[in-house]
């Protein structure tokens, strides 16, 4: 099994500079382990740079692929605040349920009914058939396993969007600038999403470039904009959890720790809508300021 490790610019420069100064690879590995890198990953990273140097080829740029079993995900203190009520900028949000492994929090009253209705009407004329990134080519394509319509707002695009960006960023405990733009999705009867991860898998140039620009995704917030009469649940199959859409409520989950490990238990899906339609708005948070492509 192979593990792909994302390289930050700082880490890449640190390894390169230390090798150029003639520092011992063993000492560098010990330093990384002291910084809480998993020992096999620390050795694999340094060895990749040593091998590139010996072969006279450029060192790894964005990622290093290591042939090894994935280390167990290290759970840390969740980014989202503790307590039964979370103060999020201009709102107080109730906590209905928490899971520790994976980190999942069910929230009440993230948006008001009026805000939900306004978001739907702002998004409706801009909806387009949703696409996914082809894992091989990195291009956007329509897929049978995600049959919805969607659109993105720019950060702070309107007074409402700016207010919601501030609120959800405070709730997710990340800077506003680290957030991707709010995405609104609409699912008609039969609409669903197959099990997937929200973290980026650097299997193509598009994802690798995105990670290089903005870092890995850290967490997701899905806010339900309407009540769904039947179906449309957000399902976490590994956790054995199914969440019923209720207007204004939300589910928060995180899947990347401070060592940039990703949590495979965060696998999730959107169950088919059986009756009515389903509207949601989603926010993804990055490890650093989000810089869109182009």
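Couple of notes before you dig in:
- Complete set of residues in the stretch 214-244 that are out of contact with any helix residue (DSSP H, G or I) (no Cβ under 9 Å at 6 or more places or on another chain) and under 24 Å from residue 113 (Cβ atoms): 222, 227, 228, 229, 230, 231, 232, 233, 234, 242, 243, 244
- Residue satisfying all of: in the stretch 10-33; under 18 Å from residue 65 (Cα atoms) and touching a residue at least 24 places away in the same chain (Cβ under 8 Å); surrounded by the most Cβ atoms within 10 Å (Cβ to Cβ) among these: 15
- Some residue of the stretch 186-203 being assigned by TED's automatic domain parsing to the domain that holds residue 124, buried (at least 18 other Cβ atoms within 10 Å of the Cβ) and free of Cβ contacts under 8 Å to residues at least 40 places away in the same chain: yes
The values are calculated or read from the model by the stated rules, or taken from the named source; none is laboratory data. If you're wondering where the values come from, they're calculated on a predicted model, not measured in any experiment. A quick note on method: Cβ atoms are made from the backbone with ideal geometry, for glycine too, and the neighbour counts reach across all protein chains shown.
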